[in-house]
Amino acid sequence: MSSRRLLVPVDGGHVAADVAGRDEDPTVLLLPGQSLGPDVCAGLAADLAPAFRTAVVHTRGTGASQAEPGPWTTALFAADAVAVLDALGLERAHVHGFSMGGRVATVLAAHHPGRVDRLVLAASGPGGPHEVARDPQVDRTLRFSSSPQGRDGLLDLFFTPAWSAAHPDVARRFLPTGSPRVRRAHHAASTGHDGWDLLARISAPTLVLHGADDAMTPVANAELLAGRVPGAHLHVLPGARHGYLEEFRPAASGLVAAFLS
C-alpha cells in the first residue's frame, strides 16, 4: 500500500494532501476542521485503509500547505478540494468533512455535484442564521485556547477528560495550528459560512454523523442538516463529544466505511 504527499499549486502557494492506499480503490477525500491539521483525520484514514484510498487535505494555513492568509471562505477551501481531485486525476470521490470541513464539503457537494459520490457531514452545522448557537462559555473557551488552561478547556470540548488523560498524544492533534493570522482567517471562513440554501441542492447520498454531547456544535445542528439535505441519514453517537473521530473509534469509522460502501 503506497503513500505520498501531493502539493497542488494555488494562488502563489500550494495546498498539500496526504494520499494513501491503492489507486484502484475508491477514494475518500477527508477535510479537517477549523485551524486543525491533517492529523485529526489520521485515525479515520487508517480505519478506512482496507477498502479505500484516502486523501487528507491540509487546509490552507495548516500542515504542509502554504498560502498567504487573506479573506478565506469555505467556497475557496472547496475550490482547493476540487484542485486536489484534479491533481489526482479523479472525476469524483467520496467526501468526508469534519466540523468546518463539513461546511466546506457542503459547498463542494452543492457547487460541484458531479465530483462527489457519497458525502459524510461530521460534527458540523449549517452556519448562518439557522445555526443552533453554542453556549457563550464555549466561545470564551475558544478565545483563550492559546493559554494552558484554555487548551485544557478546549480538549474537554473534544473529548471526555478521562479519555484525553489516557491518550494525550492523540488528543493534542485536535489543538489549533497555524499562526494567529491563519486562525483568524479560518474563523472568518467558518463563521461567514451560510449553507442553508446549499444543503437543499445536495444530490449525493449523505450521512450526517454527530456526537450527542457535542457542546462545540450542538447536536440540534445535525438534525437541521439531516432535515435539509434530501434523503440524508442521521446517526447520533450517545455520549460522544466533538472529537468522536478518535474517542469513538472504531465504531464511528465503521459507520462511515459501511455508508461509503
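The values are calculated or read from the model by the stated rules, or taken from the named source; none is laboratory data. It should be emphasised that the depicted structure is a prediction, and the values quoted were computed from it without experimental measurement. Cβ atoms come from the backbone with ideal geometry, glycine included; neighbour counts cover every protein chain shown.
Assorted remarks:
- Restricting the search to strands (runs of 3 or more DSSP E) fully inside the range 1-82 and requiring at least 1 residues that are closer than 24 Å to Thr206 by Cα, at pLDDT 95 or above and not charged (D, E, K, R) gives 13-20, 27-31, 53-58.
- The one condition in (1) crowded, with 18+ Cβ neighbours inside 10 Å; (2) at positive phi that Ala240 fails to fulfil: (2)
- Within the range 10-19, the set of residues being touching a residue at least 60 places away in the same chain (Cβ under 8 Å) and either surrounded by fewer than 18 Cβ atoms within 10 Å (Cβ to Cβ) or farther than 16 Å from Glu68 by Cβ (or both) comprises Val10, Ala17, Val19.
- Counting only helices (runs of 4 or more DSSP H) that sit wholly inside the range 133-226, those with at least 3 residues that are exposed (fewer than 15 other Cβ atoms within 10 Å of the Cβ) and either touching a helix residue (DSSP H, G or I) at 6+ places or on another chain (Cβ under 9 Å) or at negative phi (or both) are 136-143, 148-158, 161-166, 168-172, 180-191.
- Close pairs from the range 57-77: first under 15 Å from Thr191 (Cα atoms) and in contact (Cβ under 8 Å) with a residue 40 or more places away in the chain, partner of a type outside the set (Phe, Trp, Tyr) and in a loop (DSSP other than H, G, I, E, B), Cβ under 7 Å, at least 6 apart: Trp72/Arg60; Thr73/Gly192; Thr74/His193; Phe77/Thr59; Phe77/Arg60
- Filter result for Asp47 (touching a residue at least 60 places away in the same chain (Cβ under 8 Å), surrounded by fewer than 21 Cβ atoms within 10 Å (Cβ to Cβ) and charged (D, E, K, R)): yes
- Some residue of the range 209-227 being farther than 27 Å from Ala75 by Cα, touching a residue at least 60 places away in the same chain (Cβ under 8 Å) and of a type in the set (S, T, N, Q): no
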